[in-house]
1. Using the structure shown, decide if Ala83 is more than 19 Å from Ser18 (Cα to Cα), part of a helix (DSSP H, G or I) and of a type in the set (A, V, I, L, M).
2. Report the residue count in the stretch 1-34 for those that are modelled with pLDDT under 95 and surrounded by 16 or more Cβ atoms within 10 Å (Cβ to Cβ).
3. Do we have any residue at all in the stretch 35-44 that's touching a helix residue (DSSP H, G or I) at 6+ places or on another chain (Cβ under 6 Å), of a type in the set (A, V, I, L, M) and surrounded by fewer than 18 Cβ atoms within 10 Å (Cβ to Cβ)?
4. Which one is nearest to the ligand (Cβ to nearest atom) among residues in the stretch 61-92 that are open to solvent by 40 Å² or more (accessible area, probe 1.4 Å) and among the β-branched types (Val, Ile, Thr)?
5. Could you list, ordered by first residue, the pairs with Cβ atoms under 6 Å in which the first is in the stretch 6-33 and farther than 15 Å from Thr86 by Cα and the second is of a type in the set (A, V, I, L, M) and part of a helix (DSSP H, G or I), at least 6 apart or interchain?
6. Inside the stretch 33-49, can you point out the residues that are of a type in the set (Gly, Ala, Ser) and in a helix (DSSP H, G or I)?
7. Trp58: touching a residue at least 12 places away in the same chain (Cβ under 8 Å), part of a helix (DSSP H, G or I) and open to solvent by 60 Å² or more (accessible area, probe 1.4 Å), yes or no?
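The values are calculated or read from the model by the stated rules, or taken from the named source; none is laboratory data. The model shown is predicted, which means the values in this text are computed figures rather than measured ones. For neighbour counting, all protein chains shown are included, and Cβ atoms are generated from backbone atoms with ideal geometry for every residue, glycine included. Quick note on the areas: whole protein, heavy atoms, side chains included, nothing else; ligands and nucleic acids left out. Shrake-Rupley method; radii C 1.70, N 1.55, O 1.52, S 1.80 Å.
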Amino acid sequence: MTDRIGANEALARLSGWSAVDGRDAIRKVYEFADFNAAWGFMSRVALKADQMDHHPEWFNVYNKVDVTLATHDASGVTEKDVALATFMDGIA
Ligand code: H2B
């Protein structure tokens, strides 16, 4: 099992992410030009997430994708969340 590092450690290494109230998780809201761009982002992340066996919690409305990352098996933020967040930031 992946060790929990916690939101603060993850946030120190990422930009534009913030802590979630009431649980150890990180959140970012991505904004794209339109729904097509948002869905393209989600499609690329979905393929990566499935390869990693590490899946985001997310909510999409038109051009916005509201993402929360945590590792359920660890009840908090782990290196897997930093890795997925870094991937998302790299393609957004
Ligand atoms: N995604 C996330 N975010 N956290 C997990 O703990 C997790 C996951 N566990 N995707 C995986 C799948 C687990 O449920 C399967 C059985 O490997």
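1. no
2. 0
3. no
4. Across the stretch 61-92, the extreme among qualifying residues is Thr86.
5. Ala19/Ala7; Asp24/Ala7; Phe32/Ala38
6. The answer is Ala37, Ala38, Gly40, Ser43, Ala46, Ala49.
7. No, not satisfied.
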